[in-house]
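Each value in this text was obtained by applying a stated rule to the coordinates, not by laboratory testing. Computed from a predicted model, the values in this text were never measured in an experiment. Heads up, the Cβs are rebuilt from the backbone with ideal geometry, glycines too, and the neighbour counts pull from every protein chain shown.
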Amino acid sequence: MGSPKILFEIDDDESTSAIAVGDVTGNGTPELCTGGRDGVIRLYDANSREVVLLAQLDLGGSILSITIADANNDGQMEIIVGRALSPSESPGEGKTVQVFRYAASGQLEVIGEFAVDKFVTTVYVTDVTGNDKNESLVGGSDSTLRILRMDTENNISQFAMYKLEDMPLAIGTCDVIGDEIEEIVTGNRDNTLRIFKVTDNRIEQIEALVLPSPVVSLASGDILGDRKMELGVVTRDGSIRVYRNEESKFDLFSSLEGVNALSIRIDEINADHMDEIVISTKDHKIRYYNL
């Protein structure tokens, strides 16, 4: 694999704190959505020679998390935002989870909202209940893990909640115990990596690992190409750890200490039928690893 090339840069988007890619407009090609500490979300079309700003909207509080997914299971993609309250909003009243759609008018319109404490640390959308419909996993500043459901009428309700010992900084899913069903994984400020299953309409913790530093980013994928999932974790001290299910036990498989890691993605990027680890670092670099 050769060195990666910069395809484009956006000079006027300097306060970016969250980013997501997906087909929001429904034209069959993905758009780029960014959110900033200034509270503004911006939607760009980067599929031509020039990057075009399609829409932007000021939400007030800092944007902490963005994902693009079919939140209400209607076949269209929405922008799901986790944000902090603005100074004029009150905890429990201000909507820190918001869902937006790109309207025919060319504007971003809010179609659903939900209030979670002072801010939402992270939002992750997938099917965790086994009903073949997406739910939103939400981490709150009140040290909660919530599962939210959005119906086709755009009503958002809380399906389940788990009270943690400290707030989750990262949320994902991975088949941790090898049962071919993905579990919820949270990385928390109290230096723990916690694994949960959803059973009988409730969230049940099945394992907790204590790490030397808080988990700030996590991702899962098939790094070895053997159709089994590995979980990659980045901690605040800049280290990378990879965990793997071995004989129905969640074990540390590999690690790299002190590599200045800041965030992690796991995906196939060089067409070898194996996923690679992509790391962004505190010294403004992108590094690629494979096993």
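Observations on the structure shown:
- Taking other C-beta atoms within 10 angstrom as a stand-in for reagent exposure, Ile68, Ile206 fall in the order Ile206, Ile68, fewest first.
- Of Val125, Val40, Val259, the one that fluctuates the most in a GNM where the chain has Cα springs shorter than 10 Å: Val259
- Ranked packing of 182-191, 224-233, most packed first, by mean Cβ within 10 Å: 182-191, 224-233
- Karplus 3J(HN,Hα) series, Hz, for segment 180-185 with 6.51 cos²θ - 1.76 cosθ + 1.60 (x for Gly, Pro): 6, 10, 6, 9, 7, 10
- For segment 22-135: span of alpha carbons on each principal axis (Å, largest first): 42, 37, 22
- Of the GluC sites (Glu not before Pro) found in segment 1-70, the ones in coil according to DSSP and having at most 11 other Cβ atoms within 10 Å of their Cβ are Glu9, Glu14, Glu50.
- Shown here for segment 70-131: trypsin sites (Lys or Arg not before Pro) in loop regions (DSSP other than H, G, I, E, B) with at most 13 other Cβ atoms within 10 Å, of which there are none.
- With θ taken as phi - 60° and the Karplus curve 6.51 cos²θ - 1.76 cosθ + 1.60 applied, the whole-hertz 3J(HN,Hα) list for segment 144-157 is 10, 10, 10, 10, 10, 10, 10, 8, 6, 8, 6, 8, 9, 10 Hz, x standing for glycine and proline.
- Over segment 106-184, Cα pairs under 8 Å with separation of 6+ residues give a relative contact order of 25 percent.
- Distance from the Cα centroid of segment 59-73 to that of segment 96-173 is 8 Å (rounded to whole angstrom).
- Here the 3J(HN,Hα) profile of segment 162-168, calculated from phi with Karplus coefficients 6.51, -1.76 and 1.60 at θ = phi - 60°, is 10, 8, 8, 7, 8, 5, x Hz, Gly and Pro shown as x.
- Taking a ≥ b ≥ c as the square roots of the eigenvalues of the Cα gyration tensor, segment 164-290 is classed as oblate, since a/c reaches at least 1.5 and a/b does not exceed b/c.
- Long-range amide H partners of Val24 with built H, under 5 Å: Glu31
- Segment 15-119, relative contact order in percent, only Cα pairs under 8 angstrom and at least six apart counted: 20
- For Val125, nonlocal amide neighbours, meaning residues 5 or more places apart or on other chains whose placed amide H falls under 5 Å from its own, are Leu137.
- The slack between Asn270 and Glu89, meaning 0.36 nm per residue of separation minus the straight C-alpha distance, is 60.5 nm.
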